[in-house]
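See structure below.
The values are calculated or read from the model by the stated rules, or taken from the named source; none is laboratory data. From a predicted model like this one, the values you see are computed outputs, not experimental measurements. Neighbour counts are summed over all protein chains in view; Cβ atoms, including those assigned to glycine, are modelled from backbone coordinates with ideal geometry.
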Amino acid sequence: MAFKIKFWGVRGSIACPTPRHIAFGGNTSCIEVAMGGERVILDCGTGLRELGHWFLKKNVRRASILLTHTHWDHINGFPFFSPAFRKDRNFTIMAGHLNEKGGIQRILAGQMSQPTFPVPIDMMGSKLEFEDFRFGDSFSLGKGIRVITKPLNHPDGATGYRIEYRGKSMCYITDTEHVVGKPDENVLALIEGADLVIYDSTYTDKEFANRVGWGHSTWQEGVRLSQAANVKTLAIFHHDPDHEDLFMEQVERLARMTWQGTVVAREHTRFNLL
């Protein structure tokens with residue numbers, strides 16, 4: 001009855017396959033959550049490709065995919081998700097920000113349309129189900145898995161998630177931009193008392209002043225929110241592509257000095273909440 005989280009992609013904006021991104025990882029956002037035999041995938045960045053190979057190796061036949069939003073770095077791994085091309089696999093793909101924009105199926109199909117991609121979504125042989133909800137909704141994924149959602153402050157909209165299972169909780173809060181000196185009430189309500197919060201920490205407070213309106217936050221704001229909401233552990237996430245390993249090591253040292261409950265997410269970082 002485990003509640004396990006594994007990071008397959010921790011980078012934001014664009015994948016960074018360079019020797020200077022080895023320690024923390026260069027793939028974009030993708031997280032696997034395993035609960036009581038069920039699998040949930042959070043976002044479909046380039047990390048999804050490796051996760052797909054792992055699913056085939058372990059014969060994982062179904063999963064729910066929860067998307068925060070559909071900017072490129074959060075969906076461009078989807079066409080390379082190898083289990084989706086197997087007829088004996090089932091995936092439910094959900095999003096909360098596209099009700100007035102044609103729905104999630106239209107967006108993912110458009111991504112895989114010529115002239116930008118040669119293989120259409122219809123070539124995926126698995127059973128794909130598409131569900132659009134409204135951010136702010138709550139729903140069950142079965143087997144005691146409860147999902148609570150809130151809107152985030154990001155261009156084109158984004159959804160924050162809280163997943164609860166057997167008395168434990170984890171939250172996935174990316175991509176979102178804070179207002180200096182004004183804690184985001186939606187985020188605070190979502191993360192209150194959570195065991196693990198994965199937070200958009202693209203910038204530092206110093207960098208943020210020149211990036212207002214870009215839709216992202218800072219690791220320092222993540223600490224402030226986590227402390228205010230009695231969070232047990234904060235995972236710094238969605239690393240800027242210009243933040244290479246040496247920079248991230250410095251962030252890690254400063255964050256740990258600021259609050260001991262802080263961890264910097266790396267590819268293949270794991271948490272077990274049960």
Report task. Residues that are closer than 21 Å to Ser126 by Cα: find the strands (runs of 3 or more DSSP E) completely inside the range 1-110 holding 2 or more of those. Result -> 30-35, 38-42, 62-67, 90-95
Query raised in the report: Hey, among Gly181, Gly110, Gly167, which residue is free of Cβ contacts under 8 Å to residues at least 12 places away in the same chain, within 26 Å of Asn272 (Cβ to Cβ) and over 21 Å from the mean Cα position of the chain (by Cα)?
Result: Gly167
Report task. Could you tell me which residue of the range 113-163 is nearest to the chain's Cα centre (by Cα), considering only residues that are modelled with pLDDT under 95 and part of a strand (DSSP E or B)? Result -> Phe135
Report summary line: Going through the range 164-183 in order, the residues found to be part of a strand (DSSP E or B), surrounded by 14 or more Cβ atoms within 10 Å (Cβ to Cβ) and charged (D, E, K, R) are Glu164, Lys168
Query raised in the report: under 18 Å from the mean Cα position of the chain (by Cα), crowded, with 17+ Cβ neighbours inside 10 Å and modelled with pLDDT of 95 or more: does that describe Val251?
Result: no
Report task. Quick one: which residue in Phe130, Phe91 is aromatic (Phe, Trp, Tyr) and over 23 Å from Phe7 (Cα atoms)? Result -> Phe130
Query raised in the report: Can you find a residue in the range 200-221 that is of a type in the set (A, V, I, L, M) and buried (at least 18 other Cβ atoms within 10 Å of the Cβ)?
Result: no
Query raised in the report: Only one residue in Asp175, Asp200, Asp195, Asp156 is in contact (Cβ under 8 Å) with a residue 24 or more places away in the chain and over 19 Å from Ser13 (Cβ atoms), so which one is that?
Result: Asp195
Report task. Determine which single condition His97 fails, assuming it passes every other condition in (1) surrounded by 22 or more Cβ atoms within 10 Å (Cβ to Cβ); (2) touching a Lys or Arg at 6+ places or on another chain (Cβ under 8 Å); (3) not aromatic (Phe, Trp, Tyr). Result -> (2)
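From the list Arg89, Arg134, pick out the single residue that is of a type in the set (Lys, Arg) and over 20 Å from Phe55 (Cα atoms).
Among Arg89, Arg134, only Arg134 is of a type in the set (Lys, Arg) and over 20 Å from Phe55 (Cα atoms).
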Query raised in the report: From the set of residues in the range 184-227 that are among the acidic types (Asp, Glu) and part of a helix (DSSP H, G or I), which is nearest to the chain's Cα centre (by Cα)?
Result: Glu221
**Report entry** Residue list for the range 7-64, restricted to those being in contact (Cβ under 8 Å) with a residue 60 or more places away in the chain and basic (Lys, Arg)
**Finding:** Arg11, Arg20
Report task. Hey, could you check the range 118-160 for residues that are closer than 22 Å to Asp73 by Cα and aliphatic (A, V, I, L, M) and say which is surrounded by the fewest Cβ atoms within 10 Å (Cβ to Cβ)? Result -> Val119
Report summary line: Residue hits (the range 234-274; among the hydroxyl-bearing types (Ser, Thr, Tyr) and either more than 19 Å from Cys30 (Cα to Cα) or in contact with a Pro (Cβ under 7 Å, 6 or more places away or on another chain) (or both)) are Thr258, Thr262
